[in-house]
Structures are given as structure tokens and as C-alpha cells.
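Just so it is clear, none of the values below were taken in a lab; they were calculated from the coordinates. Bear in mind the structure is a predicted one, so any value in this text is a computation, not a measurement. Every residue, glycine among them, receives a Cβ derived from its backbone with ideal geometry; neighbour counts consider all protein chains shown.
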Amino acid sequence: MSGKAKGETGLKRAILDALNASGLVEAWNQPSGQHRVRRGFLHCAPKGSSDLCGYFLDGSGRHLALEIKIPGEKAKPEQTAALERVIAAGGVGAVVCSVVEALAVVQREFRRAS
């Protein structure tokens, strides 16, 4: 595995753990695209889907979609388009590069709904 992939995977895990520990959202990893398995391919979420998805625990049921990037990387056009669709539907979508950024997005949106 490349250092880049390992870095993003570690960052994704750290963000996921922090979000779920916050008590503000319930979040999970959202694999996308297709992956080779023993007898063919496993088709996951559509291409461009966010890395982490979830919902707010404030009773609103708002969707959360976070695209995780290591610092210096940018979201692909299909990822940006998917985040824009989430926002247009009333959810919360963002590109984040750290645990601090992810928690700030969630805390800001949680306060806004209160």
C-alpha cells in the first residue's frame, strides 16, 4: 500500500472515531466504486460518493457526507458534485483534511439546528 493511501486511511479512521465519540452524529465508512472479489466485483456506493456518511443525532435526521483528503489534495469533480447534491437536499457536506476540521463542521451544524 502506498504511503498516500495509508495516510488517508488512517486519517479517515481517526475522523470516524472522533465523530462517533462526539455524540453529535452517527457516522460510517462509505466505500464507493467497485472492488475485485473472489468471483468478480463488489459494487459499492456510486462513484463520487463521500468517504464518510452519517446522520445527526439532534432529531433532525439530516444527512452528513464528508470527503476526506490528506492536506494538499483536492476533491474530484464527481466528489464535489455529490457533496453539492447532499447540501441541496438539506444535508451537510464538506471536504475535510483533519479531525479538527471534521469536528468543527459537525459542531457548527449541530449548533445551527439547535
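In the neighborhood of SER60, defined by Cβ-to-Cβ distances under 12 Å, what is the net charge if each Lys or Arg adds +1 and each Asp or Glu adds -1?
Counting the neighbours of SER60, the net charge comes to 0.
Based on alpha-carbon positions alone, could you give the equivalent ellipsoid semi-axes of region 3-113 from the gyration tensor, as √(5λ), descending, whole Å?
23, 16, 14
Please give the charge dipole size of the chain, origin at the Cα centre, charges +1 on K and R Cβ atoms and -1 on D and E Cβ atoms. Round to the nearest 20 debye.
With only Lys, Arg, Asp and Glu charged at Cβ, the dipole is about 420 debye.
Rounded to the nearest 0.05, what FRET efficiency is calculated for ARG112 and ALA21 with R0 set to 25 Å and r the Cβ-Cβ distance?
0.75
Using the count of nearby Cβ atoms within 10 Å as a rough guide to exposure, how do HIS35, HIS63 rank from fewest to most?
By the 10 Å Cβ count, ascending: HIS35, HIS63.
Which one of ALA82, ALA65, ALA45 has the biggest mean-square fluctuation once the chain is modelled by GNM with Cα springs under 10 Å?
Checking each option, the largest mean-square fluctuation is seen for ALA45.
With the crude spin-label approximation of a point 7 Å out along Cα→Cβ, what separation in nm comes out for ALA45 versus THR80?
1.9 nm
Run the helix sum for the chain: -39,500 (n - 2.57) per DSSP H stretch of 4+ residues, divided by residue count, reported at 222 nm to the nearest 500 deg cm²/dmol.
-13500 deg cm²/dmol
Under a cut-off of 16 Å between alpha-carbon atoms, report the aspartates and glutamates in cross-link reach of LYS12, not counting same-chain residues fewer than 8 places apart.
Straight-distance partners of LYS12: GLU26, ASP51, GLU67, GLU73, GLU101.
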